[in-house]
Amino acid sequence: MNGAQTLVFTLAAQGVEICFANPGTSEMHFLAALDNPRMRSVLCLFEGVATGAADGWYRMRDKPASTLLHLGPGLANGLANIHNAKRAGSGMVNIVGQHSQAHLKYDPPLTSDIEGLARPLSHWVRTVDSAGTIAWDTAAAVAQANRHPGRIATLILPGDSSWQEVGEASHVPPPVRPTPKAPASARVEAVAGLLRSGESVMLVLGNKSTRGRALVLAGRIAAGTGCRLGTQFFTARIERGAGRTPLERIPYAVAQATEFLKPIRHIVTVETREPVAFFSYPDKPSLLKAEGTQVHALIEADEDSALGFEMLIEALGLRDTAPLVQASAETLPPSGALNPVSIAHALAAAIPEDCIVIDESLTTGRETMGYTIGAKPHDLINNMGGSIGYATPVATGAALACPERRVFCMVGDGSAMYTIQSLWTQAREGLGITTIIFANNQYAILKAEYANMGAGTPGPQAMTMIDIDRPTIDWVAMAKSMGVPALSVTTAEDLYGAMSRSVRESGPQLIEVKLC
C-alpha cells in the first residue's frame, strides 16, 4: 500500500464518504487510490465547486467531506467557498497536492507557499512529512473537521509521500468525534432570570440550534415565556415550514434591522454573536441593537445548544410545555407579472415536503422567506460568508448528501456566473436539483448598495460595471450544453408550473426567470 492508498483508506475508516475532486498531475496517485468502494469520488470542473459542494454535504449530513485540489493555485481557486464554509461552521478536509521534496528545490512554475495560502481560512494545516505519517496525519485532519462547530482542515500531500510504499495500514487511529461542551449553569440561570423578569427578550439562534431537537426545545421556551425567537439574516441551515418552530429573521438593511430590534431589551445569543451590519455604511451603526439593549451569551459556538435548552427548560419549569409551532399557510399558485411577491408566492406553493432550499437570490428573493414560513416543511440554507458563487456548488453537495430530497437552488444571474460549472457535475451525477436563475441582466444588489453607501447616482461608466448585458447571457443554452434540461419563464404562473413539474423529475432542471 502506498501513501495515497493509505490516505484514502484512512479517510474512509474515519467516516469520510466522499471526495469532491479537481485533480492535477501531482495528485495522480491519490486519484488512483480513489478507486475504492468505500469512497465516492465526484469530479468538479472548478475548485470552487468542489469546496462549495463539500460545504453543502456537511450542512446536510453533519459529517465532513474531503476535497482534492491541485497545488497552490488549485487551493486558491477554492478559497472563496472555503471562506463561506468556515463562516457556516462546516467541517471539511482539503487534500492539496504538492511537488515532491526533491523537485521543489528547482522552483518549478506551480511552486507556491501552500501553507501560507491555506492558513488564513483553515483552522488546521499540516504538510505530510513522509508516507509513514500519512495515516496519523489524516486521522488528525478528520478529527479537526469533526469538531463542533465544524472546522476546515487542510492536509498538504507531497508527491513522493503519495507514491512511496508504506505497507499495510493496520495501525489507523480510531475515529474521534468530540462531544460539544455543556454551557455554564450560571449563564443558564442568568437567562432564566431574564425570562422571568417580564422584560422583552429575543433568543437569536445560530448553527445547530436552528434545527432538530434544539429547535423544538427553543419552541417550548418561547411558548412558556413569551420570548421571541430570531435568527441572523443569513443562517447555515434552518428547519422551517408548517409544524416547525418559527424563527423571525433579522432584516438585512440597517434601518430595517435597527427598527426590528428596537423593542428588544435583552438579546440572548445561542451558537452565534450579536447582530451586526453586513457592511459599514456612512452615518449608520455597525451594531444593530438599540441603545440600552443588553446582549447575553447563553450558548457559545462550541457548546451543545440542545443540552443548554434542556437546562433552561428545567430552570424555568417548562418540561411539560408544548412547543410553539408554525401553522400551515396554503398559498395559491400566483398568476400575472413576475415580481418579488409573485415569485415568493410561486415558491411557497411549489415547495415539496422535505425540500432543501438554497438561497443566493439576493435582491429578487428578499421577499421569499416571509411568504414561505408556512409552506410545507423544508430546510433553508443561506450564504454565511458572503462570498458570491456559493449556491450551485452547495446545492450539488446537499443533493449528494440527501439523494431522496429535491433541492431548489435560487440564484441571481450575476452570482450564478461564478460557479455555473456546477451544472455539469449535477448532470453527470443525475442530481435532483432545480436551479432557478433570476435573470435581470445586472448586479441589482450593487445598485442598492451604491445608494446605501451614499455614493450618489451612478454615472454611465459606473453603470457599465453593474450591468451584465451586452451580451445577454443565454441561460437555457448554457444549461443544455452541460446536459441540464432548461426553459425560460416570463410569468408567475409559468414559474410555478415549471417548479412543480421539476419536482417530478429525477435529474437536474434549470429555470430562467426573465425579469426584464
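A short reminder: the numbers here are calculations on the coordinates, not readings from a lab. Note that the coordinates shown come from a computational prediction; the quantities given were computed from them, not determined experimentally. Heads up, the Cβs are rebuilt from the backbone with ideal geometry, glycines too, and the neighbour counts pull from every protein chain shown.
In this structure, the pairs whose alpha-carbon distance is over 30 Å, taken from K63/K376; K208/K376; K63/K181; K208/K262; K86/K284; K63/K105, are K63/K105.
As a calculated quantity, the FRET efficiency between E165 and D35 at R0 = 22 Å, using C-beta atoms, amounts to about 0.80. Positive-end ranking of G212, L68, T6 along the dipole of the chain, with charges on Cβ about the Cα centre, is headed by G212.
For region 340-514, the dipole from Cβ point charges (+1 on Lys and Arg, -1 on Asp and Glu) about the Cα centre works out to 140 debye, to the nearest 20. Our note on the geometry: Cα centres of region 372-401 and region 294-344, 18 Å apart.
What is region 238-371 by shape, rounded, prolate or oblate, if you read a ≥ b ≥ c off the alpha carbon gyration tensor as root eigenvalues and call it rounded for a/c under 1.5, prolate for a/b larger than b/c, and oblate otherwise? Because a/c hits 1.5 or more and a/b fails to exceed b/c, region 238-371 counts as oblate. Which of rounded, prolate, oblate describes region 29-119, given a ≥ b ≥ c as roots of the alpha-carbon gyration tensor eigenvalues and a/c under 1.5 marking rounded, otherwise prolate only if a/b is larger than b/c? Since a/c reaches 1.5 but b/c is at least a/b, the shape of region 29-119 is classed as oblate. The residue among W163, G56, P377 whose Cα reaches farthest toward the positive pole of the charge dipole of the chain, with charges on the beta-carbon of Lys, Arg, Asp and Glu, is P377.
Taking amide H as placed 1.01 Å from N in the peptide plane, S488 has its amide H under 5 Å from the amide H of E512, each at least 5 places away in sequence or on another chain. Using the rule -39500 (n - 2.57) for each DSSP H run of four or more residues, divided by the residues of the chain, the 222 nm mean residue ellipticity is -10500 deg cm²/dmol. Taking a ≥ b ≥ c as the square roots of the eigenvalues of the Cα gyration tensor, an a/c ratio of 1.5 or more together with a/b no larger than b/c marks the chain as oblate. Within the same chain, lysines fewer than 8 places from K514 are excluded, and of the rest, those with a Cα less than 24 Å from its Cα are K447, K480.
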